[in-house]
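Structure first, then comments.
The values are calculated or read from the model by the stated rules, or taken from the named source; none is laboratory data. In this text, all values refer to a predicted model and were calculated from it rather than measured experimentally. Note that each Cβ is placed from the backbone with ideal geometry, even for glycine, and that neighbours are counted across all protein chains shown. For accessibility, only protein heavy atoms count, side chains too; no ligands or nucleic acids. Shrake-Rupley method; radii C 1.70, N 1.55, O 1.52, S 1.80 Å.
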Amino acid sequence: QVQLVESGGGLVQAGGSLRLSCAASGRIFSMEQMGWFRQDPGKQRELVATITGGGRTNYADSVKGRFTISRDNAKNTVYLQMNSLKPEDTAVYYCNANVRPTFGVRTYDYWGQGTQVTVSS
C-alpha cells in the first residue's frame, strides 16, 4: 500500500504564491507519472499539471506560466509552485501518483486526501 500526504495549502490573497508538496510512502519500487488535480464543489476534478519520471511536464492552459510542477525522486515527492494566484484557482488540490510497487509488475494509481487552496480577491 502507498500513502500520499499533501501539505502547503491555505489562504492567500490574489497575486500571492503557495507551494504544495506531496510525499509518497509505503511499498514503492518506482514512481512513474505524478501530478496535481483540483476540484471545486459541484464540478469535475480537473488536471492542473503532471510530470513524468523523466521530468516531462504538462500543464492546463489556465495555469501555464504561473504554476511549476517538479519532483524529487530521492524523496518520492512532487511539488507545485503556484504564483500569481487568482480567485478562480480556489479549489481542493489533489496529488496523484502512478506507482510500481515491485520490479516487473503493473503500476497502480494513488490519490492524496486533498488540500484546500483559497485565493481571496
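Annotations for the structure displayed:
- With the whole protein complex present, Leu11 retains an accessible surface near 130 Å², based on a 1.4 Å probe.
- Per residue value of the accessible surface for the chain (all protein chains in place, 1.4 Å probe), Å²: 53
- Largest to smallest principal axis extent of the C-alpha atoms in the range 57-102, angstrom: 41, 18, 17
- Two-site label geometry, Gln113 and Asp72: point separation in nm, points 7 Å out along Cα→Cβ: 2.2
- Estimated translational D of the range 13-121 in µm²/s (Stokes, Kirkwood radius over Cα pairs; 4 °C; 1.567 mPa s): 90
- Between Ser17 and Val105, the modelled labels are 4.0 nm apart [label points 7 Å from Cα along Cα→Cβ].
- Computed from point charges on the beta carbon alone (+1 for Lys and Arg, -1 for Asp and Glu), the dipole magnitude for the range 51-121 about its Cα centre is near 240 Debye.
- Just the protein heavy atoms count here, and of the accessible area of the range 73-121 at 1.4 Å, carbon and sulfur take up 50 percent.
- Ranking of Lys86, Lys43 by solvent-accessible surface, largest first: Lys43, Lys86 (1.4 Å probe, protein heavy atoms only, all chains present).
- Here each label is just a point 7 Å from Cα along the line to Cβ, and for Ser120 and Glu32 those points are 4.3 nm apart.
- Partner lysines for Lys86 [C-alpha distance under 19 Å; skip if fewer than 8 residues away on the same chain]: Lys43, Lys64
- For a label point 7 Å along the Cα-to-beta-carbon line of Asn83, residues of the range 53-74 with backbone N under 20 Å: 56-72
- Extended-chain gain in nm, criterion 0.36 nm per residue less alpha-carbon gap, Thr57 and Gln1: 17.5 nm
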